[in-house]
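Below: the structure, in structure tokens.
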Amino acid sequence: MDTYTYNCHYCGVQYTPKRRFKQKYCCNSCRVNAFTRRKRQKQNLPPVQKVNASTQIEKMSWPGIGNAAVGTLATNVVTNWLTKEENKPATKGDIQKLLVAKNQRFSLVKNMPIREDGAKPLFDNILHTIIYIK
Ligand SMILES: [Zn+2]
């Protein structure tokens with residue numbers, strides 16, 4: 001076993017080798033980082049930037065929430081604007097209107113004139129006939 005100390009080829013820290021042969025690096029992470037650096041140099045890629053963990057994870061902030069809200073709103077407006085009326089999803093209000101209309105027996109016929117005595121033409125949804133009711 002070596003009793004000498006060596007300097008790590010990657011970070012430069014002094015270390016005592018723990019293996020029989022001479023190690024080049026102080027720890028596995030330095031060995032891996034050195035390999036990555038060599039590989040990137042071979043491919044002419046820029047070296048990996050060490051990013052501070054506090055800047056990498058964006059903390060929740062009011063401006064961030066505002067930006068997200070504005071983005072969602074803009075997306076909704078554009079989607080609403082681009083969607084045809086018949087393709088828009090039905091709301092609970094639409095369904096309730098539909099149910100009320102279905103449960104009504106008579107509905108006013110708009111393209112028929114009102115009779116001389118003032119009776120309005122109504123369509124009977126059950127008998128499927130037009131009747132006049134004053
Ligand atoms: Zn090292």
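Projected over every direction and averaged, the convex hull enclosing the alpha-carbon atoms of the chain yields 20.6 nm². Here the 3J(HN,Hα) profile of the stretch 35-45, calculated from phi with Karplus coefficients 6.51, -1.76 and 1.60 at θ = phi - 60°, is 4, 4, 4, 4, 4, 5, 5, 5, 8, 6, 9 Hz, Gly and Pro shown as x. The charge dipole of the stretch 4-134, taken about its Cα centre with unit charges on the Cβ atoms of Lys, Arg (+1), Asp and Glu (-1) only, comes to about 1760 debye. Computed with a 1.4 Å probe over protein heavy atoms only, the accessible surface of the chain comes to 92 Å² per residue.
Which listed residue (THR91, PRO121, VAL70) has the Cα farthest towards the positive end of the charge dipole for the chain, taking +1 on Lys and Arg C-beta and -1 on Asp and Glu C-beta about the Cα centre? Comparing the listed Cα positions along the dipole, VAL70 ranks first.
For the chain, the residue among MET60, ASN7, ILE133 whose Cα projects farthest onto the positive side of the dipole built from Cβ charges is ASN7. Pairs of Cα atoms nearer than 8 Å and 6+ residues apart set the relative contact order; for the chain it is 10 percent. For the stretch 55-134, the Cα gyration tensor yields ellipsoid semi-axes of 52, 13, 11 Å (square root of five times each eigenvalue, largest first, whole Å).
The apolar share of the surface of the chain, taken as the fraction of accessible area on carbon and sulfur atoms (1.4 Å probe, ligands and nucleic acids excluded), comes to 58 percent.
The values are calculated or read from the model by the stated rules, or taken from the named source; none is laboratory data. Only a predicted model underlies this, so the values are computations on that prediction, with no experimental measurement involved. All Cβ positions, even for glycine, are placed from backbone atoms using ideal geometry, and neighbour counts span all protein chains on display. Keep in mind that these areas ignore ligands, DNA and RNA; they rest on the heavy atoms of the full protein, side chains included. Shrake-Rupley method; radii C 1.70, N 1.55, O 1.52, S 1.80 Å.
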